[in-house]
Each structure stands twice: as structure tokens, then as C-alpha cells.
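One structure below.
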Amino acid sequence: MTSSDLSDDPSPKVADRKVSIDAYRGMVMFLMLAEILHLDRLAERFPDVKLFQWIQFHTTHVAWEGCSLHDLIQPGFTFLVGVAMPFSIASRIKRGGSMASMLWHAAWRSVVLVLLGIALRSQGYDQTNFTFDDTLTQIGLGYFFVFLISLTPRWVHYVSAAMILVLFWAAFALSPAPPADFDYAAVGVPADWPHHHDGFASRWNKNSNLSWRVDVWFMNRFPRPEPFTHSGGGYAMLSFIPTMATMIFGLIAGTWLKEPLELRSRLIRFVAAVVIGFSLALLLQWTDVCPNVKRIWTPTFALYSGAWCMTWLATLHVICDVGKWQRWAFPFLVIGSNSILIYVMSWTLEGPIHNFLLRHFGHGVFEVFGVSYAGALIGAATLVIMFSVLLWLYRKRVFIKI
């Protein structure tokens, strides 16, 4: 297996490839890697510093409803999978690839992503930890279906995204609300948790919603050391369904980038998509028709995060592809060119590198600015080592792909 970012060639020198796509992917992966800096801990040590409070909010996931910068990492990665599809398909067709071979490759990618996600989540367990709510498995579960949609007329892309979100919302809306005496403590949620809704919107409450019910049934079909009762974070397998809408949003954006459109026409489309996405999301949230919850990928969150992804990509397109201001993006191109590899490295090598640095350099060297900043410094050193590996691979033109 050769692994990658779900594009056919991450090299920014590939013909007809947009630097904005690779820069965006690298920025998203950098934000994910930045977790190892533990910047959120500075707010705990300096509770009166508002800057650190702001940093903490945007380097962690919100408790339930709402959205931080950190909450846009997974949507960004997912969105970019869709953005890459038009370029990937065109590249394979240009190389003489048949429809059968492309379908097989898409199916292969889906399976590998699901299995890789499960394998990474099984680290530290005595047996396979069957879970389907992390980034890779969520993308893998929906990738093949979105690939099929990408082969259809463009109007089908819009209709498919809308139908996915409307039907997913309807499934929740028609599901029973949790009873007043629901035992939240039994599913890891304090009874007085301040993020719960009453009334209609309670159907999207943590570990008491439709996706949770499906998980309780489905997860217990697999061998487990003890029965599955809930996800600690409230995440759920069924989120892969609205996640497909996020991928389709990316597919639509990628098609706009690939089409020989005038800049004005292209930007009008992006602006319209952003305005529609934000407007619908805020309307659904403010009316309590559908809360904005990333952990169960509500349709509101799909629209809200999709609007941010469109904004991010369009901005980078103007800067990198139109304005040709690209040198600043080089570090992100290095990271984005081997995104699956760095994702795996973050799961498997962060701990060993961290321990290696402490073992051979001791704690003192990382406490030069005080104990409060030691975590950030050792995280930065770990990040530099990981980046050095990616830089070496980039210069050797080695790009790991699935």
C-alpha cells in the first residue's frame, strides 16, 4: 500500500493542479499537529490572560454546540477529499484509466481508510477496538458513494447534498426525544450538563440521540471487552452520512476550480455558496430547528463548516493561484503533500519522539522559559522532527499514497 491525501499526486507541480488545494490541506494538517504544542494548557496556568483563553478555545473542541477553529480541522480534511476528486478523475482518464479501474480504486481506498482508522484507534488495546467515528473511518465509509456521485451530472451533486442533509435531519426530527427521566449519568453525561436542549432540539442531545441508539446496537455486534454504552465524546458512526455532504461540497468547489471560468464568475459562485451556507446554518441554529453540533455532524454543522471551508479555499485560490503569492505556503505544501503519512505519524510517533527528547535532553532544556512553557517547547521540538521527515521526503519526491 502506498498512502496519501486521497489525490492522485500531491506534488504541487502536477499540471492543472491548484497550489491553493495543497496549501489548504497543509494548513489543516498543521492545525491538527499543533495539538502537540498543548497551547490550551497555557490558559490553565494563566487564567487571567485573555489571549491564552482565546487560544485555548480555538485549539480544543467545543463541549457540544458551537464551533472553534479546532472543530474545522476534520471538515477541512473531508472537504478537500471532495475538492481533489475532479482533478483525480481527470488525471486517471488522461492516463487511460477505465471506469472499472477507477471504481475498483475508489472501493479500495474506502476499505483501506476504514481499516487504517480502526487500526490507529486500536493502539493500547488488547484487541481490535472497532470504532467508526474518527476522521479516516468516517471518510472511508462515505468515500465510494461520493465517488459515484462525482460521476453524475453536476445538478445531481447539488441535489444529493441537499437530500442527504434534509433526510438526515428528518430522521432525527422524527425520532423520539429522550424522556424527562433519561439517565444521562449512565452514558457519561452529567445530569446538569449545561449544553442540553429541551423540547424539539433535545433530539440532538449528547448520547441520547438517534445516532447514539444506532451505535449502541451496531457497536455491540463486534467483539468487545465490555458492552458498548456510549462514546465519551458523543461521537457516532452515522455521522458519515452528513459527512458525505461535506465531501460533496468539496466536489462542487473542486469542479469550480477546475472549470475554465473567469475569476469573477468563479468567485461569485463561492460567495453565493458561503452566504447560503452561513445563512441556513445560523437560521437553523437560532430557531432550534437543528443545533450546530460537530460531534454528531448535524446538517447545521455541515452547512456552517462547509461555508468556512469554501471561504478558506476561495481565499487561498485568490492568493496562491491567481495572485501567485506562493512562497509563504511552502511549509504547508510540505505537510500537505504527505497528509496521510503525517496523520499516521501523529498517532504512532508523537509519544516515542516526546519520550526520546526527554530521555536524551532531560526536562531542564525545555524549561528554559519556565515550567509553564515546557509543554509547548517539547511539542515544538517534536513538530520540528516530524516536519524534517516530511521535508526530506518532499525533496526526494516521495509521496505516500493509497
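Across segment 43-57, rounded Karplus estimates of 3J(HN,Hα) from the backbone phi angles (6.51 cos²θ - 1.76 cosθ + 1.60, θ = phi - 60°) give 5, 6, 7, 10, x, 8, 8, 5, 4, 5, 5, 5, 4, 4, 4 Hz, Gly and Pro being marked x. Annotation: extensible slack from Arg264 through Arg45 equals 74.0 nm (criterion: 0.36 nm per residue apart, minus Cα-Cα distance). Largest GNM mean-square fluctuation among Ala376, Ala329, Ala272, using the chain with Cα springs under 10 Å: Ala272. The helix-only estimate of mean residue ellipticity at 222 nm for the chain, built from DSSP H runs of length n ≥ 4 each weighted as -39500 (n - 2.57), is -19000 deg cm²/dmol after division by the residue total.
Mind telling me which of Gln56, Gln123, Gln74 comes out most flexible in a GNM of the chain, alpha-carbon contacts under 10 Å? Result for the chain, Cα springs under 10 Å: Gln123 fluctuates most.
In segment 203-233, which residues have a backbone nitrogen under 16 Å from the label point lying 7 Å from Asp288's Cα in the Cα-to-Cβ direction? Within reach of a label on Asp288, which here means backbone N under 16 Å from a point 7 Å along Cα→Cβ, segment 203-233 contributes 203-206.
Listed values for segment 222-239 are Karplus-derived 3J(HN,Hα) couplings in whole Hz (6.51 cos²θ - 1.76 cosθ + 1.60, θ = phi - 60°), namely 9, x, 9, x, 8, x, 7, 10, 5, 8, x, x, x, 6, 8, 4, 4, 4, and x replaces Gly and Pro. Assuming 0.36 nm per residue, please report the length gained on full extension of the stretch Val111 to Ala90 beyond their Cα-Cα distance. Computed gain between Val111 and Ala90 is 5.3 nm.
Name the residue, out of Asn205, Asn292, Asn220, whose mean-square fluctuation peaks in a Gaussian network model built on the chain with Cα pairs under 10 Å. Among Asn205, Asn292, Asn220, the largest mean-square fluctuation in the Gaussian network model of the chain belongs to Asn220.
Summary of the geometry: segment 17-92 and segment 276-298, compared by the centres of their Cα atoms, lie 20 Å apart. Rg and Dmax over the alpha-carbon atoms of segment 256-402 stand at 20.9, 57 Å. Karplus-based coupling profile of segment 249-263, in residue order and whole Hz: 4, x, 4, 4, 5, x, 5, 4, 5, 7, 5, x, 8, 5, 4, with θ = phi - 60° in 6.51 cos²θ - 1.76 cosθ + 1.60 and x standing for Gly or Pro. Quick one: grab the alpha carbon gyration tensor of segment 147-237, order the square roots of its eigenvalues as a ≥ b ≥ c, and give me rounded if a/c is under 1.5, else prolate or oblate depending on whether a/b is larger than b/c. Because a/c hits 1.5 or more and a/b fails to exceed b/c, segment 147-237 counts as oblate. Report, in listed order, any pair from Lys94/Lys258; Lys294/Lys324; Lys206/Lys401; Lys258/Lys294; Lys18/Lys94 with a Cα-Cα distance greater than 26 Å. Check vs 26 Å cut-off fails for Lys294/Lys324; Lys206/Lys401; Lys258/Lys294. Relative contact order, whole percent, for the chain stands at 30, derived from Cα pairs under 8 Å and 6 or more residues apart. The relative contact order of segment 193-309, computed from alpha carbon pairs under 8 Å that lie at least 6 residues apart in sequence, is 27 percent.
Read-outs throughout are calculated quantities, based only on the coordinates presented, and are distinct from any laboratory measurement. Just so you know, these numbers come straight off a predicted model, no measurement behind them. Every residue, glycine as well, gets a Cβ built from its backbone with ideal geometry; the counts of neighbours run over all protein chains shown.
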